[in-house]
Structure formats: structure tokens, C-alpha cells
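Visitor: Structure below; questions to follow.
Bear in mind these aren't lab numbers, they're just calculated from the coordinates by the rules spelled out. None of the values given here were measured: they were computed from a predicted structure. We place every Cβ from the backbone using ideal geometry, glycine too, and count neighbours over all the protein chains shown.
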Amino acid sequence: MFRLEGSKTLAVDLAGDAVKAKNGSMVAYEGQMSFKKMTGGGEGLRGMVTRRLTGESMAVMQVTGQGTCYFADRASEINLVSLHGDKLYVEASNLLCTDAGLRTGTTFTGLRGGASGNGLFTTTVEGTGQAAIMSDGTAVVLRVSAQYPLFVDPGAYIAHQGSLQQHLQSGVNFRTLIGEGSGESFQIRFEGEGLVYVQPSERNTIGGNV
């Protein structure tokens, strides 16, 4: 079971089962635990090939045992996501921990991935279980409906889930308006039905100022 201790530490209660977490993110544990280093980005040979082609990879570890394990990473804020047979799309650098039974992989995102500075691919988490994602500052979860598309700065995007289509389009951002931008700015347009996770801090992007 995933639960938060404050907003920056994830506690996971294990009873002989396992979780996959970002390598080096374990800060404490109670009970008997074993740790095994793995490689994220996909399962098996196909995942290995995908990781080499896309660069969307992350060092992960599998934690198995009896007791409670605590995870954190650079005092980032943590959000819990429950999956019920659906798929979560998340930037690899923002993924902290998942149930071991959830399947991870990579998917092509077109120019959006390039605009975020993390390559043309993003990490997918699929199945039934829990995942913990991180944000720089307290994230907001924004609902997208068919009537109301959502526009997001690529540098503030963390993750999304649901039946959403995304398109990269030119636009105007705050930095452009106050004269600090250079060149053309871009936004991600989300359409459909689903949720988008946005952080109140922008990572350095390629597409933010091209």
C-alpha cells in the first residue's frame, strides 16, 4: 500500500510483495528488505532495444520484503496515481515508484517529447495498481474534457492519463509577453477526456524558446 508521510516522502507497506522505485530513492526502511538493481524503460529484449533507440531510460531498483520502505528524491513533492487497467504517460525523471505488477515501457510522443527536452519518447506505466510521481513544487491535476482543451507549457508538463490526444503548437507564453523570450514559443494542446499533471516550475526546454 502506498501512502504519503508529509508531501515529500512515500511510505510503501510490503507483505512479501515488491515495488519498483527510482534507484537511490530509498531513504529508510523497517523490517526485512532486499534490493535488486534493474533497468527501466521497458520489459525484456524489446524494452532494451527501445531504450537504446529512444534514450528514455531510468535506473530503477526492485524492492521486496516484509515491512515498510520509505522513498524520496531531492525533496520533490509526491503525487499518488491509481491505475485501473489504464495507462499513465509520465516523464522518466518524474517517476518515483510503481507496484511491481505494473508494466513499464516507452511510447513515441512526436515533437512534444523533443520540446520537453527529454527526447521524442516518454515512459508509460500500465495495468492495475499504484504509482508515485514527483513534481518540483505542488502539482496541480487538471481535467480535460471534450468541450475544454488544455494548453500546457512543455517545461511544466509531468504526466497525463485518460483518452487524450496531444499536439505541439506555437503560442505565446508569459516570458514572451514580458520580453524575456527569444524566438517562437510552444505549447502542448491536450484534447479528449482525461487528467494532466502540471508542476509550478519549468524545466529547461528546447521547445520553450526555438
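Visitor: How far apart, in nanometres, would the label points at Met38 and Lys8 be if each is projected 7 angstrom from Cα along the Cα-to-Cβ direction?
Guide: Distance between the two pseudo-spin positions: 2.8 nm.
Visitor: Could you compute the FRET efficiency for Glu191 and Glu30, with r as their C-beta to C-beta distance and R0 at 45 Å, rounded to 0.05?
Guide: 0.50
Visitor: Follow-up. Quick one: which of 4-13, 28-37 comes out on top by average Cβ neighbours within 10 Å, and what's the full order, highest first? Before the final figure, lay out each step's value.
Guide: Numbers: 4-13: 16.0, 28-37: 12.4.
Highest-to-lowest ranking by the protection proxy: 4-13, 28-37.
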